[in-house]
Amino acid sequence: AARVYINFTLLADPAVGVVNYQMLVAQSPDMAGYRTSMQTEEQNAKTEFDNNSASMSAEEKQKYAMQLKERLGDKQKELLEPIYQKIDAAIEKIAKKKGLSIVVDKGFVVYGGVDITGEVGSSLNGK
């Protein structure tokens, strides 16, 4: 994995927060529903492919499979967007409460910043 080095002298400013966004997504209480919905969508797509592709040529099957994958990708985005919006709103709420003017992903920070991941996670879990 390539490291990106950016001048983060502004991180010395305590008004900069950091979060582990991936962890917040993974621990979101809404992810269980997302996983269930995606499993259902994937199973439906597989069934649809099996039912409709029997008489197709190899090329037609490949095109059809690509269409179904694209549809699954669209569904994934549709299901994840409200989760991302909830996380963003929780980050904003905690950042404002703590007087943070900017919040960046922890993966881009080598040093500094106020980590608010735990507080955002608690907020998302209703604690």
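The set of residues in the range 116-127 being on the phi < 0 side of the Ramachandran plot and open to solvent by 50 Å² or more (accessible area, probe 1.4 Å) consists of G118, E119, N125, K127.
Yes or no, residue by residue, for (1) surrounded by 15 or more Cβ atoms within 10 Å (Cβ to Cβ); (2) at pLDDT below 95; (3) touching a Cys at 6+ places or on another chain (Cβ under 8 Å):
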position	(1), (2), (3)
D13	no, yes, no
Q22	no, yes, no
V25	yes, yes, no
S37	no, no, no
Q43	no, no, no
N52	no, yes, no
E70	no, no, no
Q76	yes, no, no
E92	no, yes, no
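Listed by position, the helices (runs of 4 or more DSSP H) contained in the range 9-101 that have at least 2 residues being in contact with a Ser or Thr (Cβ under 8 Å, 6 or more places away or on another chain) and of a type in the set (A, V, I, L, M, F, W, C) are 21-26, 58-98. For the range 78-87, a residue qualifies if it is surrounded by 15 or more Cβ atoms within 10 Å (Cβ to Cβ) and under 12 Å from S37 (Cα atoms), and the qualifying residues are L79, L80. All of (1) within 19 Å of the chain's Cα centre (by Cα); (2) open to solvent by less than 50 Å² (accessible area, probe 1.4 Å) hold for G113 with one exception: (1).
The values are calculated or read from the model by the stated rules, or taken from the named source; none is laboratory data. As the structure is a computational prediction, the values presented were derived from the model and not from experiment. Here Cβ is always computed from backbone atoms with ideal geometry, including for glycine, and neighbour counts include all displayed protein chains. Accessible surface is based on the protein model in full, side chains and every heavy atom, while ligands, DNA and RNA are left aside. Shrake-Rupley method; radii C 1.70, N 1.55, O 1.52, S 1.80 Å.
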